[in-house]
Amino acid sequence: ATAIAALFFIFILVRYFDLFRYLILSSFSSQSSSSDMHLFLRDAQSIKLITCLNGALLLALLMMRLSVMPWAAPAIGVGPDLSAWAVGGFTLAGILITLFGEGFVLYLVGIIGGRSDACSILWSTKLLYFNLIIVLMSPMIILALLTVGIAANIALYLSATICSLSIILFLKETFLLFRSQRFSIFHWILYLCALEIFPISLLLAPIARG
């Protein structure tokens, strides 16, 4: 499974290299235009699903690896009666349900509120930054899956750092998007609490109880 995910990652990186280079550079550039970014990214619809599935698979494999590590298993709330395959399956299902469940909620909100265009852009932004996180983290995750000891620990720490920085960029992008669509800061905070923080808290609840 790790080899398949690695091959998917190489294919995505080679096939859509210009897309991810543009996204990374525009994320760090204060002169980039959000509207230009969204128009450019709408031409790359085919990348979204395959990258999301590949990313969910890699994260599930990473949780499987952590579940058999003596120092990590207690931290993530995995008991001895739960197999690594069960941990991977629950992780994969949780990520996909959370991700595409948010897309469905945004679709309904757009129809009910009459702001389908804004919700579509927001959903597209969420998928694209999830793809960005996966592409940047994939080498570290693969390294963590294929190595042991210090190398695996360094890869995990780098993955956490990359994820944190990407989340900060995502928050910046969504804030600018809400401002450009003439939404108040309250609506931005409400979106973060309802569709970002709450689903993640549900996924992390078993770990906290463990």
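The table below gives the values:
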{"quantity": "Criterion violated by Y157 - all others in (1) surrounded by 17 or more Cβ atoms within 10 Å (Cβ to Cβ); (2) under 30 Å from L66 (Cα atoms) satisfied", "calculated": "(1)"}
{"quantity": "Residue match in the stretch 54-61 (condition: under 12 Å from the mean Cα position of the chain (by Cα), modelled with pLDDT under 80, closer than 23 Å to F17 by Cβ and not β-branched (V, I, T))", "calculated": "yes"}
{"quantity": "Test: I142 is surrounded by fewer than 18 Cβ atoms within 10 Å (Cβ to Cβ), farther than 21 Å from F175 by Cα and among the aliphatic types (A, V, I, L, M)", "calculated": "no"}
{"quantity": "Cross-chain or 6+ apart pairs with Cβ under 6 Å, the stretch 101-113 first and over 13 Å from E196 (Cβ atoms), then small (G, A, S)", "calculated": "G110/S116"}
{"quantity": "Qualifying position, being among the β-branched types (V, I, T), at pLDDT 85 or above and within 16 Å of the chain's Cα centre (by Cα), among I154, I134, I189, I197", "calculated": "I197"}
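Residue-by-condition table, conditions (1) aliphatic (A, V, I, L, M); (2) surrounded by 17 or more Cβ atoms within 10 Å (Cβ to Cβ):
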site	(1), (2)
M137	yes, yes
V148	yes, no
I168	yes, no
R179	no, no
H187	no, no
L190	yes, no
P199	no, yes
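Matching residues to (1) at pLDDT below 75; (2) open to solvent by 20 Å² or more (accessible area, probe 1.4 Å); (3) not hydrophobic (A, V, I, L, M, F, W, C):
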residue: A44; (1), (2), (3): yes, no, no
residue: M63; (1), (2), (3): no, yes, no
residue: G77; (1), (2), (3): yes, yes, yes
residue: G94; (1), (2), (3): no, no, yes
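The values are calculated or read from the model by the stated rules, or taken from the named source; none is laboratory data. A quick note: this is a predicted structure, and the numbers were derived from the prediction, not measured. For neighbour counting, all protein chains shown are included, and Cβ atoms are generated from backbone atoms with ideal geometry for every residue, glycine included. These area figures cover heavy atoms from the full protein model, side chains too; ligands, DNA and RNA do not enter into them. Shrake-Rupley method; radii C 1.70, N 1.55, O 1.52, S 1.80 Å.
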